[in-house]
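**Q** Okay, here's the structure, questions in a sec.
Since every read-out is calculated from the coordinates, none of them should be taken as a lab result. It should be emphasised that the depicted structure is a prediction, and the values quoted were computed from it without experimental measurement. Cβ: placed from backbone, ideal geometry, glycine included. Neighbour counts: every protein chain shown.
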């Protein structure tokens, strides 16, 4: 049997049976509470845990590339515990879907978390782009903006335009909802795993201000 450490109270052995989504979610909540309370155990892992012979991540996390949101640190999880995909704006594109399908099928991971965060630069860039009449944005940057655009452009037609703080908050959450919906309904592989194998796709928001993760979709 291989080795694995995921923090105090969250120890697991590689090769263990598949961890149900509810248990995986509880582990993430517990780890985030440790992190927020300043009681994280991530740095206390033995050297042997840094090169596990096998991996069996209990959760997939699609998060933002923002340097202030290191996923393993936020959830106080060690080597081999999480399958992490990071991309600006936590958007869903074919490569991200394929990566999640891979983890769900290869490792039996049964929890997928789409995690946005407060003060997201990709959301800000999208709102700025939508307000422009013309511009010379990079086509590569626009490929990210264009995936966020459908979920947030409707907000600019509401009274939220008069409250920038609320507008950004609602845009961040709307983007997470869109990514969750895409994963639930945009992949035949994931749809089948949801229907027959207990896979769950949930949405969350990490607060840069408090260090807490709010799971607000699918829990």
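**Q** Nearest-5 percent of antiparallel DSSP beta bridges in the chain?
**A** Details: 4 of 20 bridges.
Given both bridge residues lie in the chain, the antiparallel proportion sits at roughly 20 percent.
**Q** Could you check how many percent of all C-alpha pairs in region 161-219 are farther apart than 12 Å?
**A** Above the 12 Å cut-off, region 161-219 has 71 percent of its Cα pairs.
**Q** How long is the chain along each principal axis, judged by its Cα atoms, biggest number first, in Å?
**A** 60, 40, 31
**Q** May I pose another question? Report, in whole Å, the centroid distance computed from the Cα atoms of region 86-162 and region 178-194.
**A** 16
**Q** Students often check this: by mean Cβ neighbours within 10 Å, which of 158-168, 29-39 ranks highest, and how do the rest follow?
**A** Values: 158-168: 12.8, 29-39: 16.6.
The packing order, highest mean first, is 29-39, 158-168.
**Q** Taking the number of other C-beta atoms within 10 Å as the exposure measure, put 99, 143 in order starting with the fewest. Intermediate results must be reported in sequence, preceding the final value.
**A** Numbers: 99 16, 143 11.
Taking fewest neighbouring Cβ atoms as first place, the list is 143, 99.
**Q** Expressed as an acute angle from 0 to 90° and rounded to the nearest 10, what is the orientation of the C-alpha long axis of helix 21-36 relative to the principal long axis of the chain?
**A** Its long axis makes an angle of about 80 degrees.
**Q** Ranked highest first by the average count of other Cβ atoms within 10 Å around their residues, in what order do 188-198, 103-113, 64-74 fall?
**A** So the peptides 188-198, 103-113, 64-74, ranked by packing, come out 103-113, 64-74, 188-198.
**Q** Any idea what angle helix 188-197 forms with the longest principal axis of the chain, computed on alpha-carbon atoms, 0 to 90 degrees, nearest 10?
**A** 50
**Q** At a Förster distance of 25 Å, what's the computed FRET efficiency of residue 99 paired with residue 209, Cβ-Cβ distance as r, to 0.05?
**A** Working: r = 30 Å, r/R0 = 1.18.
Efficiency computed from Cβ-Cβ geometry: 0.25.
**Q** Kindly express, to the nearest 10 degrees and within the range 0 to 90, the angle between helix 121-131's C-alpha long axis and the longest C-alpha principal axis of the chain.
**A** Orientation of helix 121-131: about 20 degrees from the principal axis.
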